[in-house]
Each structure stands twice: as C-alpha cells, then as structure tokens.
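Down below is the structure, laid out as structure tokens.
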Amino acid sequence: MKNLRIVKVILAAGLLVLGLSMDSAIWSQYPPGVKEMLAGSKAPAVRKLSGLIRVNKAFGVVPMGPGHKEPSVYPCVPFGIAVYDAAATRSKPIAIFDQLMTQGTDTADSYTCKFELMVPINRALYVVPVMGGTLLLPKEGRMAMHITDTWIGGTNPKPRRGWERGFVGRFLTVTVKGSWLTFDMNYAQVDPT
C-alpha cells in the first residue's frame, strides 16, 4: 500500500515535469509578439485591407500548369498578396493573402480578382501582388509559367523578349476605416543588371 502511494507520487511528479516542459516547448514555438497576446497583453489593432487585381483580357488566362494548352479553370489562381513593413520590404511579410481569390465582376477589357485581409493600422505598409505562391517570400516565385510563358487566349498573351508580367506595389498606412487598393497587371521591361 505504501509502495503504491510512492509510485503514485512519483508518477504525478513526472507528469507535472512533463507537462511543464511540454508547455514551455509549445510556448517557445510562437512567433514574436504572440506570446504577449496570449498572456493577456493587448492585441495590436488591425483593419481590413480589401482590393482588386485587374488583368487585361488581352493578356489571356494563366494555363492549368507548365506546358499546358488549357486555361486555368480559376483565372485568379496564381495571385496572392504580400504586405510588408514599409521600412523592411526585404524581410518576411507581416501579412499575406494566399487563398484562392474570388473572381470579381469582369469589365469589357479585364477580368478581376478580389482579396481581403487584416493588416495593422497606423503603420507604414508596402503591399504588392505576387504570383505563384507565398511560401518563399520575400523571395518571389519566378515560374516562367507566370511571368514570361504564353498564356491562353487574348490578343497579347506573351510578353516580348526582355519583358515579364508583374505588378507595381503600393505604400500606404491603413487608418481606422480600412483601405481599398486596385492593382493592374502589366508587362514590364526586365532590368538587365
């Protein structure tokens, strides 16, 4: 009986030590700032950033995959949004939109893709659309299928030699009301250096 009680005490102490070490192991895996939020500190204020990506119909639609001759079923599939601290655009983004964008209302000359994500307020941000995923950010995916290969349909489906598809990013500070941005895909000349 006494031995059973000692075994129970040792087992309980072991579980307590294991629980504490598991708690600290899990706790240490959170990104900076999250520990404080979970510990009861005030969460940073965020607001909605909404927007639209417009792609000229003359550019066509991204193919289903590299080498495919069929257009993607979802024209918005290659796009994502990266949000950086404006002072640190070469570091990891502070927010991303990497879900399938909702196709918006097409116009006579473009199709549209809508996005919506939460970003910190009263902070200088740099927002830019990306193609081909967000896993490698801040390094941009450079799949030829997205930037230089011929897309399907359209009257101008391939950038000429030395040019590629891309977007111009925008600097902004989101205030208490949130913000709306529109990005147009363009063909831009590649810097030879």
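The values are calculated or read from the model by the stated rules, or taken from the named source; none is laboratory data. The structure displayed is predicted, hence computed values, not measured ones. No Cβ is skipped: glycine too gets one built from the backbone with ideal geometry, and neighbour counts run over all protein chains shown.
Give me the residue from region 99-123 that is buried (at least 17 other Cβ atoms within 10 Å of the Cβ) and hydroxyl-bearing (S, T, Y) and, out of that set, farthest from the chain's Cα centre (by Cα).
S110
Residue-by-condition table, conditions (1) surrounded by fewer than 18 Cβ atoms within 10 Å (Cβ to Cβ); (2) under 24 Å from A95 (Cβ atoms); (3) not β-branched (V, I, T):
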site: E140; (1), (2), (3): yes, yes, yes
site: V174; (1), (2), (3): no, yes, no
site: T182; (1), (2), (3): yes, yes, no
site: V190; (1), (2), (3): yes, no, no
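Does W151 count as of a type in the set (F, W, Y) and in contact (Cβ under 8 Å) with a residue 60 or more places away in the chain?
yes
Looking only at region 79-90, which residues are at pLDDT below 90 and under 15 Å from the mean Cα position of the chain (by Cα)?
Listed by number, the residues that qualify are T89, R90.
Can you pull out the residues in region 157-172 that are surrounded by 13 or more Cβ atoms within 10 Å (Cβ to Cβ) and out of contact with any strand residue (DSSP E or B) (no Cβ under 8 Å at 6 or more places or on another chain)?
P157, K158
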